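The values are calculated or read from the model by the stated rules, or taken from the named source; none is laboratory data. The structure displayed is predicted, hence computed values, not measured ones. Note that we place each Cβ from the backbone using ideal geometry, even for glycine, and neighbour counts take in every protein chain shown. SASA here: full protein model, heavy atoms, side chains in, ligands and nucleic acids out. Shrake-Rupley method; radii C 1.70, N 1.55, O 1.52, S 1.80 Å.
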Amino acid sequence: MKEKKQKLWSGRFSQGTHALVDEFNASISFDKRLYRHDIRGSIAHASALLAGGVITEKEAGRITVGLKAIEKEIEGGKFVFSPEMEDIHMAVEARLIAKIGPLGGKLHTGRSRNDQVALDARLYLKDEIFEILGLLHEFKKTVVDVAEGNLETVMPGYTHLQRAQPVLFSHHLLAYYEMFRRDTARLLDCLERTDAMPLGAGALAGSPYCLDRKLVARLLGFSRITQNSLDSVSDRDFALEFLSAASIIMVHMSRLSEEIILWSSQEFGFIELSDAFSTGSSIMPQKKNPDVAELSRGKSGRVFGNLLALLTVMKGLPLAYNKDMQEDKEPLFDTVDTLKQTLKVFAPMIAGMKVNKQAMLRAAQKGFLNATDAADYLVKKGMPFRQAHRVVGMAVAKCVKDGVTLEELAIKDWQGFSGLFGPDIKTAVAIVNSIAARKIYGGTAFSEVRKRLKEAKAEIKKGAC
Ligand code: ARG
C-alpha cells in the first residue's frame, strides 16, 4: 500500500483519514487558483512575524525565498497538488517545510487557515474586481461608440413588446450605458467592503502574538483592517455582494442579449451580426444563429445560481468559521470566469453588428407610434388629455379600417374627429418631430441624446463610472 503523507494537523489522531474523506474534504482541486494570493499573504505574514520579534531576519528571509520558489514551481507546472494536502494553504506550507526544513513550520505561528483563507479570498476578489471593472469600462465604451454611430437612427420604442413611441437607437443603447454605469458603481462599492485585511484574527479570537496588522495591510495594499476577529473569519458578505453585483450585470447582459436575438431575427431585421460572431446549424444550411447572445442570456442562470448557492451556505451558520464556508469558492470562481468571458466576447460582437437603419425606420413608421403626438397636438389647442386620447383613438381605428397611417390621413378626416385639427397636424405627427418634441431632460430628442452622449464620452475618458 502506498504510504500516506502525514497531515500537518495529525498530532492528536491515531488513524489516518479515509480516502473518501480526503477526497470529500479537499478543496485543493479548485482553491489552487489562489496560490499567488496565498503566497503573497504568507510573505506579508512572515514580515509581521519578523516585526513582532517572533522570527529572526534570517528566518524571515529564508521563508520568503522558499515561498517565492514554491510560486515558481507552481507556475512552471512542477508542483504536485495532492488531495491529501486538503487545500492550497496546507499544500504550500507542507512544501515549504519540505524545502527549508522545520523552519517552514514557524510560518503558521499566530495564524489560522481561517484568517488565511479569508485573506486569500479578499486578495483574489480585489484583483478580479479590478479586472472586471476594466472589462466593463471597455464594454461601456463600445456601447457608447455604437450609440454615436446611430445618433439619428430612428427605431420603434416598445412597451409590452408592442410598438409604442419612436425613439433613437442611440437613446436605446444609452439606456444600457446607464445600467452598466450603475454596475460599475456597485462593483466599486463592493470593492470598498472587500478591501479590509482580516489576518491577525487567528482561528477566531485574535492572535496572541504581537502582529502589526496595519503593516500587513499596507504590505498587501489593503486600505484598512477588519475590526472584529470573529467577524473577520466568518464574514463572506464581500463575496455575496460581488455575486449579487455580478448577477445584476448578467441581468443587463441578458436583457441586451434578448434584444439582439430579437433584432437579428427575420421578423425584426434591425441588425445583422457579423459572421465571426454567429454560428451555423448542423442541418439547416441557411441558418445564422446568435449563439453568443443566447449563451450570455443562458449563462445568467448559473451566475444567479451561484449567488443563491452562497446565500444558502451562509444562512444559519453559527459564528465563527464553519467548513461549510469552503463551499464559497466554486460559485465565486465560476461567476468571475463567466462574467469575464461574457463581457469579453460581447463587446466586439456589438461593435461589429450591422445596423439596418432603414428597417428600423420602416418599423417606426408602422403601428401608429405617433398617436400620442396627435393627442398632444389637441392638448396644446386646449382639449383635456383624456378627451384627446379618445379622439385620436377613433382616428387610429379609422386608419386601421382604411389601411393607412396617421401621416396619410386626410385633413378633412382629422377634422371630422375634431374641429381643433388644422393642416399643421401633418407636421405634428411626423416621426422626426415626435422624437424632437421629447426634449425633456433624459428624453429621446436628438438634442438631449447628443448631450448625454457627450457626457458619457467624457465619463469614459475620465474613467469615471
Ligand atoms: N479550505 C478551507 C476553506 O476553504 C480553509 C480553511 C479551513 N479551516 C479549517 N479550520 N478547517 O474554507
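Would you mind telling me the share, in percent, of accessible area of the stretch 127-185 contributed by carbon and sulfur at probe 1.4 angstrom? Of all accessible area on the stretch 127-185, carbon and sulfur atoms account for 52 percent. One compactness figure for the stretch 233-289 is 1.75, namely its Cα radius of gyration divided by 2.2 N^0.38 Å. Remark: the stretch 1-106 is approximated by an ellipsoid whose semi-axes, taken from the C-alpha gyration tensor as √(5λ), come to 25, 17, 12 Å, largest first. Straight-line cross-link reach from LYS380 at under 14 Å between alpha-carbon atoms covers these aspartates and glutamates, not counting any fewer than eight positions away in the same chain: ASP424. Residues LYS454, LYS214 ordered from highest to lowest accessible area at a 1.4 Å probe: LYS454, LYS214. Taking every protein chain into account, the accessible area of the chain amounts to 49 square angstrom per residue (probe 1.4 Å). Against the empirical curve 2.2 N^0.38 Å, the C-alpha radius of gyration of the stretch 229-335 lands at a ratio of 1.49.
A probe of 1.4 angstrom, applied to the heavy atoms of all protein chains, finds VAL313 with accessible area near 30 square angstrom. First compute the accessible area of the stretch 1-120 with a 1.4 Å probe, then give the percent of it belonging to carbon and sulfur atoms. Within the stretch 1-120, the accessible surface is 55 percent carbon and sulfur.
For ARG224, the solvent-accessible surface with a 1.4 Å probe is about 90 Å², rounded to the nearest 10.
Across the stretch 220-237, rounded Karplus estimates of 3J(HN,Hα) from the backbone phi angles (6.51 cos²θ - 1.76 cosθ + 1.60, θ = phi - 60°) give 9, x, 8, 8, 7, 10, 6, 10, 9, 4, 5, 5, 4, 8, 10, 7, 10, 4 Hz, Gly and Pro being marked x.
Shape summary of the stretch 397-437, radius of gyration then Dmax from alpha carbon positions: 10.6, 29 Å. 3J(HN,Hα) along the stretch 137-144, derived from phi through the Karplus expression 6.51 cos²θ - 1.76 cosθ + 1.60 where θ = phi - 60°, amounts to 4, 4, 5, 4, 4, 4, 4, 5 Hz, with x in place of Gly and Pro.
What percentage of the solvent-accessible surface of the stretch 299-343, computed with a 1.4 Å probe over protein heavy atoms, is contributed by carbon and sulfur atoms? Carbon-and-sulfur percentage of accessible area, whole number: 58. Computed from the C-alpha gyration tensor, the three semi-axes of the ellipsoid equivalent to the stretch 343-448 are 33, 17, 11 Å, from longest to shortest. Shown are LYS140, LYS366, LYS357, LYS78, whose ranking by accessible area with a 1.4 Å probe and every protein chain present, most to least, is LYS78, LYS366, LYS357, LYS140.
Ranking LEU332, PRO318, GLY367 by Cα position along the charge dipole of the stretch 304-381, where only Lys, Arg, Asp and Glu carry charges on their C-beta atoms, puts GLY367 farthest toward the positive end. Note on the chain: dipole from Cβ charges, positive end direction compared against LEU103, SER434, LEU243; the farthest Cα belongs to SER434. Taking amide H atoms as placed 1.01 Å from N in the peptide plane, the amide H of THR279 lies under 5 Å from those of ASN289, ASP291, each 5 or more residues away in sequence or on another chain. For LYS141, a cut-off of 16 angstrom between C-alpha atoms picks up these aspartates and glutamates, skipping any fewer than 8 places away in its own chain: GLU131, GLU178, ASP183, GLU455, GLU459. For the cross-link pairs LYS72/LYS323; LYS58/LYS214; LYS315/LYS344, the ones whose C-alpha atoms lie over 25 Å apart are LYS72/LYS323; LYS315/LYS344.
In the chain, the alpha-carbon atoms span a convex hull of 206 Å³ per residue.
Assuming charge only on the beta carbon of Lys and Arg (+1) and of Asp and Glu (-1), the dipole of the chain about its Cα centre is about 720 debye to the nearest 20. Ordered from largest to smallest accessible area (heavy atoms of protein chains, 1.4 Å probe), the residues TYR35, TYR321 come out as TYR321, TYR35.
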